[in-house]
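Notes for the one structure printed next.
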Amino acid sequence: MPKGTYYFPEHFLWGTATAAAQVEGRNQNSTWYAWEKEEGRIVNSDSAQVACDWWSGRWREDFDRAQAANQNAHRLSIAWSRIQPEPDRWDEDALDRYREMLTGLVSRKMTPMVTLHHFSEPLWVAEMGGWENEAIPDLFAAFVRKAVEALMPYCNLWVTINEPNVFAYGAYLEGNFPPGKQDLKTAVGVMAQMVRAHARAYHTIHELQPESRVGIALNVRGFKPATWSPLDKLAAKIYSNLFNEAFPKALKDGVYQPFLRKEQIPEAAGTQDFLGINYYTNELLRFNPFAGGGMFATGSFPKNTALSESGDIANIPMGLAESVVWGNKFGVPMIITENGIDDSKDAIRPRYLAEHLHALWKVMNGNYPVEGYFHWTLVDNFEWERGWSQRFGLWELDLETQARIKRPSAELYAEICRTNGISADAVEKYAPDAMPALFP
Ligand code: IFM
């Protein structure tokens, strides 16, 4: 096959994604601040108290890195707990700090995408019952109004809620995110609250900024039956419905329908201008009534699939393409808002990156509308209950010194962003093990 380049469309967004609680550090008002102090909550008792030190200004050097690496966009989140540290107090200094970050992106010719809720809230919200409180859509909408009013001169691309499915699962079913509950019914109810909160936020943002584009970032995981068994097939169907389907469907038609429940949320109908897809891996499911935690299946990965360092992510590039085909049914353009792998040695990431982008390129040739790709993540960050044990960065972070060390994947991604495509030369140089699949 001749050596060539798989080109992406003009104006394609190329960036990385980050989240406030994972990179900023020094925030005593967030739910995760209290959570990490509780015994046994975080692997190795790791802490996010300094993280990547963005709150002291290191975002500047990281944005410089991203810019020098040819990225033309960046997705970050802002912390509700900083902007509204108490129910009746807005922190204008925090808003100024975010203004600076966004102008920092704009001046580096990088399009900002801002996430308004990424897994953490102010402590006072948690004390009032968090996402189980009926008032949460109103509380969230008030925060969104304040934040968007302040930041809309610099941004018109908004993600209301990051991974509502993962959040509801982690915080209310598995119990490894605050508030640590373990109840399926509550988790499903929290998702309904998040649909309402998203809808309120969507209408608020459009009222303030009619030209804005607003969506969610959904974690999309392709669930497949592990065997021919009808029970495995049923398990995969139910998981797909609960985890992938229920939320974006409610934003399309205003009907929230997780498995046997059906709720009308009419204000949510037609409230997504794009669908953000966070894709990491697919999974095989085997029916298991004793799985625990209110669930009824156990997961695994296909045999002979390369796994990430932790074993949590399998390299299944086709799954990204399948997510796009699946996502197209919601009738709005898509943006890959996250994709990446934990790999401190950068042993598999170059191949994972090249193969996933190739799968994306292929599916886009079938006219599936995808507008951008944000790699997770720029610099190693605090991975929630997994602390610093998982390293997703294009740059390694030395926690002791705050030094950033470039991984080869950062070079590969810089080449992809520079050429707006995947060239054989770049793959040969940085991900030779992807050559047979990409340039046979
Ligand atoms: O770090 C997380 C992020 O906050 C949400 N999506 C998955 C990432 C990797 O675990």
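For the chain, what is the mean residue ellipticity at 222 nm derived from helices alone (per DSSP H run of n ≥ 4: -39500 (n - 2.57); sum divided by total residues; nearest 500 deg cm²/dmol)?
Details: 16 runs with 160 residues, N = 440.
When only DSSP H runs of four or more count, the value is -10500 deg cm²/dmol.
With every atom except the alpha carbons ignored, what do you get for Rg and Dmax of the chain, in angstroms?
Rg, Dmax (Cα atoms, Å): 20.5, 64.
What does the accessible area per residue of the chain come to in Å², with a 1.4 Å probe and no ligands, DNA or RNA counted? Could the numbers behind the result be given before it?
Numbers: 16870 Å² over 440 residues.
Accessible area per residue, the chain: 38 Å².
What residues have an amide H closer than 5 Å to that of Gln84, excluding those fewer than 5 places away on the same chain, when H is modeled at 1.01 Å from N in the peptide plane?
Asp91
Using a 10 angstrom cutoff on alpha carbons, build the Gaussian network for the chain and name the most mobile of His203, His118, His11.
His11
Can you tell me, using C-alpha contacts under 8 Å and at least 6 residues apart, the relative contact order of the chain as a whole percent? Don't skip to the end; give the middle numbers.
On the way: 929 pairs, mean separation 81.2, N = 440.
Dividing the mean separation by the residue count of the chain yields 18 percent.
Which one of Met113, Pro333, Leu151 is farthest out on the positive end of the charge dipole of the chain, using unit charges on Cβ (Lys, Arg +1; Asp, Glu -1) and the Cα centre as origin?
Towards the positive end, the residue furthest out is Pro333.
Once phi is turned into ³J(HN,Hα) by the Karplus curve 6.51 cos²θ - 1.76 cosθ + 1.60 with θ = phi - 60°, what whole-Hz value does each residue of region 212-221 show in order, with x for glycine and proline?
With the stated coefficients, region 212-221 comes to 5, 10, 10, x, 10, 10, 9, 6, 10, 10 Hz.
How would Arg108, Arg418, Arg99 rank on accessible area, largest to smallest, probe 1.4 Å?
Largest to smallest exposure gives the sequence Arg418, Arg99, Arg108.
Looking at the chain, identify the longest residue range that excludes and avoids all GluC sites (Glu not before Pro) in DSSP loops having at most 14 other Cβ atoms within 10 Å.
On the way: sites that count: Glu10, Glu38, Glu39, Glu134, Glu211, Glu400.
Result, exposed sites excluded: 212-399.
Run the numbers for Gln264 and Glu100: contour at 0.36 nm per residue of separation, minus the present Cα-Cα distance, in nm.
55.0 nm
Excluding residues fewer than 8 places away in the same chain, name every one of the lysines whose C-alpha is closer than 17 Å to that of Lys406.
Straight-line reach from Lys406, under 17 Å: Lys345, Lys429.
Hydropathy at least -1.0 by Kyte-Doolittle, axial extent at least 15 angstrom from the Cα trace: which helices of the chain, defined as entire DSSP H runs, fit?
Length and hydropathy pass: 92-107, 136-151, 184-208, 349-364, 408-419.
Taking the Cβ of Thr401 as the center, what net charge do the other residues with Cβ under 14 Å away carry, scoring Lys and Arg +1 and Asp and Glu -1?
-4
For region 83-148, rounded, prolate or oblate, judged on the Cα gyration tensor with a ≥ b ≥ c (square roots of eigenvalues), a/c < 1.5 rounded, else prolate if a/b > b/c?
prolate
In the chain, carbon and sulfur make up what percent of the accessible area (probe 1.4 Å)?
Whole-percent figure for carbon plus sulfur exposure: 52.
Compute the semi-axes of the equivalent ellipsoid of region 238-377, taking the square root of 5 times each eigenvalue of the Cα gyration tensor, and list them largest first in whole Å.
For region 238-377, the semi-axes come out at 27, 23, 12 Å.
The values are calculated or read from the model by the stated rules, or taken from the named source; none is laboratory data. The shown structure was predicted, so the numbers you read here are calculated from the model rather than taken from an experiment. Every residue, glycine as well, gets a Cβ built from its backbone with ideal geometry; the counts of neighbours run over all protein chains shown. Heads up: the accessible areas ignore ligands, DNA and RNA and are worked out on the full protein's heavy atoms, side chains in. Shrake-Rupley method; radii C 1.70, N 1.55, O 1.52, S 1.80 Å.
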